[in-house]
Amino acid sequence: MRKPAALLLADGTRFDGEGIGYDALALGEAVFYTGMTGYEEALTDPSYAGQILTFTYPLVGNYGISGAASQHERACVAGAVMKRIAPHPSHHAMKIDLSSWLAEQRVPTLVGIDTRALVTVLREHGTIRAALAVGESALARIESALVPYARQTTTVGLVADVATRHVRNVAAGNGGPHVVVIDCGVKRAIVRDLSALGARLSVMPYAATREEILAREPDAIVISPGPGDPTDLPETIETLKGLLGDFPMFGVCLGHQLLALACGATTFKLPYGHRGGNQPVKDLQRGAVLVTAHNHGYAVDGATLPSELEATMVNLNDGTNEGFRHRSLPISAVQFHPEASPGPFDARYLFAEWLATLS
Amino acid sequence: MAGAVTVRTVPRRSVLVIGSGPIVIGQAAEFDYAGVQACRALREEGQRVILVNSNPATIMTDPEIADVVYLEPLTAASLDAIIARERPDALLPTLGGQTGLNLAVELHEAGTLERYGLELLGTPIETIKLAEDRAQFKEAMLRIGEPVPASAVVNDVESGVRFANELGYPLVVRPAYTLGGTGGGVVRSENELRHILAAGLGASLINQALVETSLLGWKEIEYEILRDRADNCIIVCNMENIDPVGVHTGDSIVVAPSQTLSDQEYQLLRSASLNVIRALNVQGGCNIQFALHPERTEYNIIEVNPRVSRSSALASKATGYPIAKISTKIALGKTLDEIENPVTGVTKAAYEPTLDYVVVKIPRWPFDKFPRADTRLGTQMKSTGEAMGIGRTFGAALVKAVRGLDLGRETLTGTSVALWNEDQLDDAITAPTHERLFALAESLRRGVPVAALAKASAIDPFWLNELGELVELEERLRAQPAGHDLRVAAELGYSQASIARLTDTNRNVSLWNQASHAEGEGQGAGRNAFRMVDTAAAEFPARSPYYYLSRYEQDEMRRPAREAIVVVGSGPIRIGQGIEFDYSCVRAAWALREAGRAAVVVNNNPETVSTDFDVSDVLVFEPPGPDEVQAAYDATGASGVLLAFGGQTAINLAAELTKRGVRIIGSDRKSVDMAEDRRKFDAALARLGVARPEGRAASSFRQARAIARELGFPVLVRPSYVLGGRGMEIVYNEGQLASYVETAPPITPGAPLLVDKYLRGLELEVDAVYDGQDVLVPGIFEHVERAGIHSGDSISVYPPQIIDALMQARIVEITRSIAHELQTRGSINIQFVLHEGELYIIEANPRASRTVPIISKVTGVNLVAAATRVALGEKLRDMPYGTGLTPATPFVVVKIPVFSFAKMHGVETILGPEMKSTGEVLGVDQTFAGALRKGFIAAGVRVPDTSVPGKRGRILVSISDQEKADAIAVLRRYAACGFALVATDGTHELLVENGIDSERINKISDGSPHVLDAIASRSVDLVINDAVGPRQLSDGYRIRRAAVEASVACLTSLDTAGALVEALESSAGPPRSLQEYRAAAQASQYYGVAR
């Protein structure tokens, strides 16, 4: 059943369309994803927590939801905006259609709007706070709800919402290295890729202390991606500082930013973020270009990398830092997602290479 | 980032570029588009470009595009001679289609590349050979772990049969080294296998074919990839064929990007693409075709093309990413991160475009002209062109592509297919034909469930459901449309006219307006919003985007600062309206820009130069229909519309656009009407005292017969609406007239049959520009074949070889007076016939024609620019092109048509008033005979070297009674050249009586071995089967078709045979560039040298 729905941006721009499934009012940052496939992965990507996600590709839901592609046990976005949802999806792996799944997952969704017009606003204005209302009663509250939300800090607490609360052990085969994953909102694909490469994983809450981590006696540490501003996690940064030099460490996305902060660099908020599967990144050591999957609103300021950190990767579109390594310690990090899901697998080899250095 | 990338400069060298030659099915305008981008990219990098292409209708052979242009045959011998003269440093072979690749391989094998130290740019020769050699390719794929279908590479039919006995049927036959799947096909029985494999082996350059297990019914997915020398790879685009494996991708409805693939599948095939392109060491563009199982995660690699292709042209236009341009820069050694993305200006070429719209391509087939052709689609391509639609939804893109085919179909239902019975629908759905889309729509309309159609067609239910939504909307519009339905129809790209037809109302405009008012149309979200194609889904601002219409969305059109003029394009390439009109549109756009105006192009053909992003100031990628032209005109604030360059498609808009208040510049509606309305045209000619073949319009068969009796047979008959001579025929007696009327469209007073006296004389053609005062005639063409063969199918010669200066002056004078009488302002094309000393007018069209590109290149008179400037109000006297008849060149050019009969099963090859050729070549030489010789060679006729004594080969001759007297003279010349003549009874006796040696051969009815066996075994080298007279559906037809199947040249006119023997008797001069010819022409004019 379709009902009235709208997206209201903090600058007053409003898009009226139809709502899908679940009557609710969602508050979040309005951002856009440029991938043409991978909506299931994106909607369940913990890094989108607290965000109202717009799909630039106009036809979403063509192949339904398989469950197998999900990156988290539930949808993580605050709300979703699409031009059109396929009314008759078709795929052999489909378990449920997207509209029904969004209702089931309680994701307020707006369809039928001019998404390109919205993306143009976001590009020009930058990421902006927004309210998405589905149903008459939510629509009546849309303005009164957005005003106070737009004034407050919005990213605190996002990681806590999607990250694991308890240590999870992921067994692997024949005595590979034991890797602690500091979970700030890890994707299933990272766990899948690392364990497929033979690593034994302990997925630990982002707030785990140095002692708790040491108690696990890991061989190495991976700091996961996750939502929001890395400076919202000062304790995690402190923990990482304490661990520098103790273990080989590898950071991905938010993990890259946290490691950079722990080493003394600074981060900043990108005008409208990188979210999609077509970001060209130059590997400065190999001289090769990788097409990579991105999902981040903040970036490491490459100019602030301390002398012991060396930039290894740079974004060819806007020149932002995409990776670094420590000159003397076994520490490296990338801003993009080697695990893809959604997106291309050009950088998948990084996990394997890093694991190889452990043995 | 400047810090990340060091941009290197490329050293200046001279680079030889091989074009793809004449337009044939499977190799068309896409290579002009790619070639032009390549040449421009090379020059951008400071290279000296030497271009060889025999196709004169292309933009790439204009002297502005390359430093040196050779309009010479594309053969290894001809290229060898050019290389010897020009000594280029490098060769770029990957932009001239299969022709370019095959020639590069030939030159390599012949040692030419090595002898002259030519570096091969881009993809190495080993890769080209590997991708083409079926056996090596299969082995290479298996080595890198990529799955390919089980197959056997065979060099003879028996091995194929043995393999088939192991694997069972169906199987696919794929000959190596052919284009557009020539000679291939799906076979379901041993009989079919024997037949198709024999033909396929014959078509293969290396007598090799692959027989493979069929993946019929799997999804067909294509990836367009680029790789540079540093091993950086990007995917430009992927595409999904709605027609599953089994239909050639050129004949499939193709959607970009894929719609039914999950991200895992998309990335699986992406990773496989990279794996393949790396293993093959491709440097530049590459196309990979996959079959993806519809029910499980399993794929096979079907084919790899390590070059730019029709698919890469489509991918470029679908995404905005100029593949040919970037490929060229890669070939020069640049890497993707060094090259900028010219559409955004801010990103790099190392970037994978992302779309926020859907693209649908539908092929345009020539079956409307060939009712007897086999219309079933398979692995051998049959379409001549394609139309592309861009929309924010699949439905909108599909509707635009359907409308853009220019078949008079504006909707999915309610077409002629609606009259079919269930069996007919089922047939077209299970054994696909060009009507499958419409048969599916009609079946859905009749309530056939999607599941049943999916099962019958193997088409994914996703597409059928989407199609079903359009069908339901059309049905609602027919029944009780709500205001919302009208709005949805407008969003989906239906035209005003089609919505009016569906809603069966004359109040179309008011309904249309009502709909928009009802939906609260605002200023920002207009009914005619233009959206950008920007490669980036709006993530980055775009510098040189192009546009499509998306109604009721936000308008992004950037109104040009300068006065805008709209150039209306000609839509998909079809027989009768080909690349030459695209040439004129491009030259018009450039002329407008030179004249300080902003050029706005409206066209929907993804293959062409006119839809390249930087040809115009504003490109509107939409079907050139009245709604779209008007919208472009309004949105750009244009001051006028030029229709004269987009062929009949554009001209046909004159009345409607005038009604809507759109200003047409140049010749306007009145002028078009006067030329097309027979009564008005006759009256105009009468006023001028100019004759035309006597004739009248008949509104019944009786009347037609009476007129024919009065005029005397033979007569030329045709329906009153004509494009490319469609439905036109010469009939010699009443019986033929009756059978013509039976098969032609019904005669009514509203659509009469035109009956003209047929005058068999010398046909002449001029292209001219008239400004109201002066006329400019750059040249007069003489046709080699006497009147009766469509001008597009006849060999034509410039400068005239037969008519004298006096007659030429008379032609110029008549041209001027007709142009004046028709109120022409700009281009006019007039065809004459000279019959017993008297000059008659056949027809006049106030537009550019097929010969415009040729005469412009050859004489150096930029005819399109002159016509454009006249339309803008300038006078010829103020331009540098002169007035009156341009002095003749001291060299001769001969245009020879090229046919694609091998791709059109069942089609009668006799030439007549209905055009059948798909392309053309130009022979250029000092002498007429030399130009003929080069032209025939360029057209692919095997011309033996007559300077060496010895036997030339055998010619199978069969001559009709009417032509016997003329035939003897021609055949005697063949015999004198050393050819052995072979003939059946009648002709054999005629030859013997006239003292010409002849070998008798059995007619078909005499039993084997007969003529067909001789042709099939290629024991004859040429067939002359003169076809004047009654339509021969029996022996003559079978002989001509057999010749086509066996790739033996077959001439159906004695005039053509006469021209060929003239070419055989002579030799041609060495290759010379167009620039050299032009310089010689200028010198001769300067010194007043008489020809």
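Based on the alpha carbon coordinates of the range A:162-248, what radius of gyration and maximum Cα-Cα distance (Dmax) apply, in Å?
When restricted to the Cα atoms of the range A:162-248, Rg and Dmax are 12.3, 38 Å.
Greater than 23 Å separation of Cα atoms is the criterion. Which listed pairs, B:Lys138/B:Lys348; B:Lys219/B:Lys916; B:Lys964/B:Lys1003; B:Lys455/B:Lys903, meet it?
On the way: B:Lys138/B:Lys348 35 Å; B:Lys219/B:Lys916 34 Å; B:Lys964/B:Lys1003 19 Å; B:Lys455/B:Lys903 29 Å.
Cα-Cα > 23 Å for B:Lys138/B:Lys348; B:Lys219/B:Lys916; B:Lys455/B:Lys903; rest within.
Among the chymotrypsin sites (Phe, Trp or Tyr not before Pro) in the range B:854-947, which ones are in a DSSP loop with at most 15 other Cβ atoms within 10 Å of the Cβ? Mind listing them?
Working: sites: B:Tyr881, B:Phe891, B:Phe899, B:Phe901, B:Phe928, B:Phe936; in loops: B:Tyr881, B:Phe891, B:Phe899.
Filter output for the range B:854-947: empty list.
Among A:Leu233, A:Leu59, A:Leu261, which one shows the biggest mean-square fluctuation in a GNM of chain A, springs joining Cα atoms closer than 10 Å?
The residue that fluctuates most here is A:Leu59.
Quick one, can you get me the convex hull of the C-alpha atoms of the protein assembly as shown expressed as volume per residue in Å³?
Per residue, the Cα convex hull of the protein assembly as shown comes to 176 Å³.
Quick check: pseudo-label points 7 Å beyond the Cα along Cα→Cβ at B:Asn281 and B:Arg296, how many nm apart are they?
Distance between the two pseudo-spin positions: 3.7 nm.
So how do B:Arg134, A:Arg188, B:Arg310 line up by other beta-carbon neighbours within 10 Å, fewest first?
Arranged by neighbour count, lowest to highest, B:Arg134, A:Arg188, B:Arg310 become A:Arg188, B:Arg134, B:Arg310.
If each of A:Ala303 and B:Ser544 carries a label point 7 Å out from its Cα toward its Cβ, how far apart are those two points in nm?
Distance between the two pseudo-spin positions: 3.3 nm.
Just from its helices, what would the mean residue ellipticity at 222 nm be for chain A, if runs of 4 or more DSSP H residues each count -39500 (n - 2.57) and the sum is divided by every residue, rounded to the nearest 500 deg cm²/dmol?
The helix-only estimate for chain A comes to -7000 deg cm²/dmol at 222 nm.
Loop only per DSSP, at most 16 neighbouring Cβ atoms within 10 Å: give me the trypsin sites (Lys or Arg not before Pro) in the range B:218-275, ordered by residue number.
B:Arg229
Among all the lysines, which ones have a C-alpha under 27 Å from B:Lys680's C-alpha, if same-chain residues fewer than 8 places away are not counted?
Within the straight-line cut-off, B:Lys680 pairs with B:Lys659, B:Lys670, B:Lys757.
Nearest 5 percent is fine: what portion of the DSSP beta bridges confined to the range A:159-356 is antiparallel?
Beta bridges within the range A:159-356, antiparallel portion: roughly 60 percent.
How many angstrom lie between the Cα centre of the range B:420-468 and the Cα centre of the range B:111-137?
Using only Cα atoms to place each centre, the spacing works out to 44 Å.
May I ask for the Kirkwood hydrodynamic radius of the range B:638-685, worked out over all distinct Cα pairs and given in angstroms to one decimal? Present the calculation step by step, with values, prior to reporting the outcome.
Details: mean 1/r = 0.0900 Å⁻¹.
Computed over the range B:638-685, the radius equals 11.1 Å.
Relative to the compact-globule scaling 2.2 N^0.38 Å, provide the ratio for the alpha-carbon radius of gyration of the range A:3-152.
This ratio for the range A:3-152 stands at 0.96.
Find the eigenvalues of the gyration tensor of the Cα atoms of the range B:258-388, then list the square roots of 5 times those eigenvalues as equivalent ellipsoid semi-axes, largest first, in whole angstrom.
29, 21, 16
Can you pull out the GluC sites (Glu not before Pro) in the range B:248-317 that DSSP calls coil and that have at most 14 other Cβ atoms within 10 Å?
Passing sites in the range B:248-317 are B:Glu295, B:Glu298.
With a 10 Å cut-off between alpha carbons and a GNM built on chain A, which of A:Lys187, A:Lys241, A:Lys95 moves the most?
A:Lys95
Any idea how far the Cα center of the range A:302-331 sits from the one of the range B:240-257, in Å?
If you average the Cα positions of each part, the centres end up 45 Å apart.
Antiparallel as a % of all DSSP beta bridges within the protein assembly as shown, to the nearest 5?
Restricted to the protein assembly as shown, the bridges split so that about 65 percent are antiparallel.
Given the rule -39500 (n - 2.57) for each run of at least 4 DSSP H residues, summed and divided by the residues of chain B, what is its mean residue ellipticity at 222 nm, to the nearest 500 deg cm²/dmol?
-10500 deg cm²/dmol
Once R0 is set to 22 Å, what does the formula 1/(1 + (r/R0)^6) return for the Cβ-Cβ distance between B:Arg760 and B:Glu843, expressed as a FRET efficiency to the nearest 0.05?
Once the sixth-power term is evaluated, E becomes 0.85.
Please report B:His1010, A:His91 as a ranked list, fewest other C-beta atoms within 10 angstrom at the top and most at the bottom.
Numbers: B:His1010 17, A:His91 20.
Going from sparsest to densest Cβ surroundings: B:His1010, A:His91.
Rounded to the nearest 5, what is the percent of antiparallel bridges among the DSSP beta bridges in chain B?
Counting DSSP beta bridges with both partners in chain B, the antiparallel share is about 70 percent.
Give the Rg/Rh ratio for the range B:1-153, taking Rg as the radius of gyration of the Cα atoms and Rh as the Kirkwood radius, to two decimals.
Details: Rg = 17.2 Å, Rh = 16.7 Å.
My calculation puts Rg/Rh at 1.03.
Give me, ordered by chain and number, the residues 5 or more places off B:Gly217 or on other chains with an amide H under 5 Å from its own placed amide H.
Result for B:Gly217 returns B:Val245.
Give me the orientation-averaged projected area of the Cα convex hull of chain A, in nm², one decimal.
Numbers: hull surface 68.3 nm².
If I average the Cα hull's projected area over directions, I get 17.1 nm².
HN-Hα J couplings of the range B:450-461 from phi, Karplus 6.51/-1.76/1.60, θ = phi - 60°, integer Hz, Gly and Pro as x?
4, 4, 5, 5, 4, 5, 5, 9, 6, 7, 4, x
For A:Asp219, list long-range residues whose amide hydrogen, built 1.01 Å from N in the peptide plane, is under 5 Å from its own amide hydrogen.
Here A:His178, A:Val179, A:Val180 satisfy the definition.
Rule-of-thumb check for the range A:212-359: C-alpha Rg over 2.2 N^0.38 Å?
Compactness ratio reported: 0.97.
Over all Cα pairs of chain B, how is the pair count split among 20 Å bins, expressed in % and running from 0 up to the last occupied bin?
Result, from short to long distances: 12, 45, 37, 6, 0 percent.
GNM, chain A, Cα, under 10 Å: largest mean-square fluctuation among A:Asn317, A:Asn295, A:Asn278?
Its mean-square fluctuation being the largest, the pick is A:Asn317.
In terms of Cα to Cα distance under 20 Å, which lysines are near enough to B:Lys857, apart from those fewer than 8 places away along the same chain?
B:Lys895, B:Lys934
Could you list B:Trp420, B:Trp463, A:Trp354 so that the one with the fewest beta carbons within 10 Å of its beta carbon is first and the one with the most is last? Intermediate values should be presented prior to the final figure.
Values: B:Trp420 18, B:Trp463 26, A:Trp354 22.
In order of increasing Cβ crowding within 10 Å: B:Trp420, A:Trp354, B:Trp463.
Going by Cα centres, the range A:171-232 and the range A:45-100 are how many Å apart?
A separation of 27 Å, based on Cα centres.
Can you figure out the FRET efficiency of B:Gln801 with B:Glu1065, using R₀ = 22 Å and their beta-carbon distance, to the nearest 0.05?
0.90
Read-outs throughout are calculated quantities, based only on the coordinates presented, and are distinct from any laboratory measurement. Everything quoted here is computed from the prediction, not taken from an experiment. So basically every Cβ, Gly included, is an ideal-geometry build from the backbone, and we count neighbours across all protein chains shown.
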